[in-house]
Every structure is written in C-alpha cells, then in structure tokens.
Amino acid sequence: MKKIILTGGGTAGHVTPNLALMPKLKALGYEIHYIGSYEGIEKKLIEECQIPYHGISSGKFRRYFDIKNFTDPFKVLKGYRQSIRWMKKLKPDVIFSKGGFVSVPVILAAKHCKIPAIIHESDLTPGLANKLAIPAAQKVCCNFPETLKYLPQDKAVLTGSPIRAELLRGNSLQALKLCHFTTNKKVILVVGGSTGSQFINTIVRQSLPKLCENYQIIHLCGKGNLDPSLEQTEGYAQFEYAQKELADFFALADLVISRAGANAICEILALRIPNILIPLSANASRGDQILNARSFEKQGFSYVMEEEQLTEDALMSAVSHMSQNRQLYIKAMESSQQFNSIDTIIQLIEETASRSK
C-alpha cells in the first residue's frame with residue numbers, strides 16, 4: 001500500500017486543502033498519516049476524519065522581536081528530531097505540506113530521510129515557513145499566476161487550491177430553514193476568517209438597518225463575537241462559525257463579503273459567487289491578503305475594499321455595485337482555468353511517490 005504523510009497547521013487555511021485531498025487519496029489506496037502540532041487547530045480537524053495524527057513540538061519564526069525567539073528554535077529542533085523518528089517508523093512514499101510553521105521540521109526531516117516532498121503555497125508571495133522549506137521540496141504548488149516568479153522555475157506548478165467537494169453540494173433550502181429567512185430577498189454571506197474580524201463585524205452591524213432593507217444577512221462573526229442584542233433582528237442570522245452548514249450557506253448566498261485568505265477566496269472562486277473582499281490590513285499582517293485580493297480584482301473575480309476605505313456608505317456603495325454587475329463577475333470566474341486543482345495535485349503526488357520507490 002502507498003503511504004503519504006500530510007502536514008500543515010496553525011490556521012484552518014493550512015488544513016482544509018489537505019482535507020480536500022483525502023477522499024481521492026483514499027480512493028487511490030493511500031494510507032494517510034498526519035503530522036501537526038500538539039494542540040493546534042489541525043489536531044481536532046484531522047482527528048474528526050479518523051486519520052492517524054502524530055503531534056510534534058513546533059515553534060514560530062518571527063521577523064520581529066519577541067522573547068519567544070530565544071526559545072522557539074529549540075522547539076523546532078525538537079520537532080525536527082521527532083519528525084525524523086516518524087519518517088523512519090512510517091516509511092512514507094511522499095510528503096505533502098500545506099505550510100504553516102509546524103510543517104518546516106517535517107519537510108526538513110523528509111529531506112534528511114531522502115523522502116520526496118511537495119509543498120503548497122496559498123498566498124501570492126511565499127510565507128516565511130514555506131521559504132524555509134522550499135529548498136527541501138521537489139515541487140511547489142501555487143494558487144496565483146503571479147507567484148511563479150517567486151519560486152524556483154524547475155519546482156513551480158500552478159495548481160490552484162484544492163476545494164472540499166462537499167462545498168460544491170450545498171442545500172440552499174437547508175440554509176433558509178436554519179436562518180429563518182424568506183425567499184423574497186437576496187442573501188449576503190459575511191465571512192471574517194476562521195477567527196472572525198472585529199473590524200468587519202462592527203461595520204456590518206452598523207450597516208444592518210440599510211442592508212436589511214433589500215437583503216438578508218448570514219454573518220459568520222467568529223468565536224465569542226455573537227451580539228445578543230441582534231438576535232431578534234429580522235433578516236439577520238449570526239453564527240460564531242460554520243462547519244457542515246457552510247456549504248448550505250454558500251449555496252444560498254447571492255453575494256459574499258469576506259477577508260482575503262487564499263483558501264477562502266479560492267473556495268468562493270470555485271463556487272463562482274460574486275464577492276467583496278476586505279483584506280487584512282498590512283498593519284496587522286505581512287500584506288499577503290492585500291496581494292491575494294488585488295490579484296483576484298485584476299482577473300475580474302472580486303471587488304476589493306481595503307480597511308482604510310471601509311465605512312457604512314462605502315460598503316453600501318460596493319453592495320450596490322455588485323448587484324448591478326454580478327453577471328460580469330460570474331462570467332470572469334467561469335473563465336478561470338483553476339478548477340482541477342485536486343486532480344493536478346494528486347497527479348503530482350502519484351508521480352513523485354512512484355519515483356521514490
């Protein structure tokens with residue numbers, strides 16, 4: 001039986017593409033194992049799939065001063081030694097990494113053990129973890145055409161992001177029932193990322209009186225961010241997060257307002273839903289979401305608003321623009337060639353695994 005180790009963690013975006021690959025890998029007869037951090041978000045998500053999970057020590061590489069910069073390298077070194085032990089015990093044919101800092105010791109251990117590795121970079125420019133891992137990888141998959149220039153030419157493959165098949169099978173009627181909505185108004189789905197966005201939450205809630213005149217709002221506001229005072233607001237349904245219900249929410253949505261995390265926007269692209277992207281500010285990140293959003297804007301997939309532009313009036317203007325031009329955005333998304341990501345990546349895995357024998 002062929003054997004593969006998947007790795008990646010830190011955020012849901014470093015896990016969900018791995019989840020999307022699992023059904024096809026199982027169908028092809030792969031024995032799947034997962035290496036992640038001891039208690040990261042990836043642990044819960046993978047164990048729910050009944051995939052063997054192996055926790056290792058992990059630390060973060062920071063570009064700024066932090067007292068943990070003196071201790072985390074030792075955690076990474078420990079994780080590297082643990083990963084080598086797992087490589088020798090499991091003897092995988094290939095490694096597939098979705099990134100995040102926990103993946104670095106795994107990929108370096110794979111190189112030490114002469115096991116081929118494939119990396120997937122979601123954002124337009126490689127993050128620090130993947131930059132450290134790329135020299136040890138055989139192939140590097142990416143989402144954006146612009147990313148190819150940042151990668152070694154002999155390793156780079158434009159694949160897009162693997163999308164979970166269940167997201168394509170949503171039931172809009174189920175979402176209507178769950179949200180207690182009617183069929184006489186269009187629906188806006190607001191997604192603030194896996195932990196929610198206080199900034200987006202505030203603007204959306206301030207705009208509810210105007211928004212609810214013509215729309216119904218599904219608001220995924222993040223854990224601990226529910227507003228009890230809005231529970232009885234007609235045409236407004238708020239949830240901390242969505243799991244199985246997300247596919248149904250997408251199926252019902254006429255418009256999505258979202259952060260610009262790479263995996264989230266690739267899911268929106270695959271579903272061809274007109275969208276407004278509000279990327280995380282460069283003040284709070286390395287600016288990757290801004291680059292992601294601008295790429296989608298350039299390709300005609302999205303309308304982009306940066307945080308500094310966002311007011312109630314600006315949001316209402318953007319919603320009106322999307323209502324008037326939704327078919328233009330749908331047509332642009334339908335022209336995208338990045339819909340066979342799973343098949344492309346699986347083919348790379350198969351070719352790499354076969355060469356390792």
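Every number in this text was worked out from the coordinates using simple rules, so none of it is lab data. The structure displayed is predicted, hence computed values, not measured ones. All Cβ positions, even for glycine, are placed from backbone atoms using ideal geometry, and neighbour counts span all protein chains on display.
Using only side-chain charges placed at the Cβ, +1 for Lys and Arg and -1 for Asp and Glu, the dipole size of the stretch 123-265 relative to its Cα centre rounds to 340 debye.
Scaled against the 2.2 N^0.38 Å expected of a compact globular protein of N residues, the Cα radius of gyration of the stretch 166-334 reads 0.95. On the basis of the beta-carbon distance and an R0 of 45 Å, LEU173 and LYS89 show a calculated FRET efficiency of 0.40. Database remark: amide H of ILE163 closer than 5 angstrom to the amide H of ILE342 (H placed geometrically; neighbours at sequence offset of 5 or more, or on other chains; Pro and chain starts carry no H). Listed by chain and number, the lysines placed with their C-alpha closer than 29 angstrom to that of LYS210 are LYS177, LYS185, LYS186, LYS223, LYS331; residues fewer than eight positions away on the same chain are left out. Protection proxy ranking of 317-323, 114-120, 236-242, by the mean of other Cβ atoms within 10 Å over each peptide's residues and highest first, is 114-120, 236-242, 317-323.
I want to verify the translational diffusion coefficient of the stretch 89-247 in µm²/s; compute it with Stokes-Einstein, Rh as the Kirkwood radius over Cα pairs, at 10 °C and 1.306 mPa s. Calculated translational D: 85 µm²/s. Farthest towards the positive end of the charge dipole of the chain, among the residues SER335, PRO105, PRO209, is the Cα of PRO105, using unit charges on the Cβ of Lys, Arg, Asp and Glu. For the chain, build the charge dipole from Cβ charges (+1 Lys, Arg; -1 Asp, Glu) around the Cα centre, then report which of MET316, MET87, PHE301 sits farthest towards its positive end. It is MET87, whose Cα lies furthest towards the positive end. Residue exposure proxy: THR7, THR125, THR311, ordered by other Cβ atoms within 10 angstrom of their Cβ from fewest to most, comes out as THR311, THR125, THR7. Compared with the dominant Cα axis of the chain, that is its longest principal axis, helix 341-355 is turned about 0°.
Suppose R0 equals 51 Å; then what is the FRET efficiency for GLU166 and LEU77 from their Cβ-Cβ distance, rounded to the nearest 0.05?
Details: r = 38 Å, r/R0 = 0.75.
So the FRET efficiency works out to roughly 0.85.
Projected label points at HIS321 and LEU230, each 7 Å from Cα along the beta carbon direction, are separated by 2.3 nanometres.
Spin-label pair SER354-ASN214: with each label point 7 Å from Cα along the Cα-Cβ axis, the two points sit 5.4 nm from one another. As a rough footprinting exposure proxy, the listed residues PHE249, PHE101 were ranked by other beta carbons within 10 Å of their own, and the order from fewest upward is PHE249, PHE101. Remark on HIS54: its backbone amide H falls under 5 Å from those of TYR34, ILE35, GLY36, a criterion applied only to residues 5 or more positions apart or on other chains, H modelled at 1.01 Å from N. Rg and Dmax of the chain, based on Cα coordinates, read 20.7, 63 Å. Evaluated with a Cβ-only charge set (Lys, Arg +1; Asp, Glu -1), the chain carries a dipole of roughly 1760 debye about its Cα centre, given to the nearest 20. By the count of other C-beta atoms within 10 Å, a proxy for reagent exposure, TYR329, TYR53, TYR38 are ordered fewest to most as TYR38, TYR53, TYR329.
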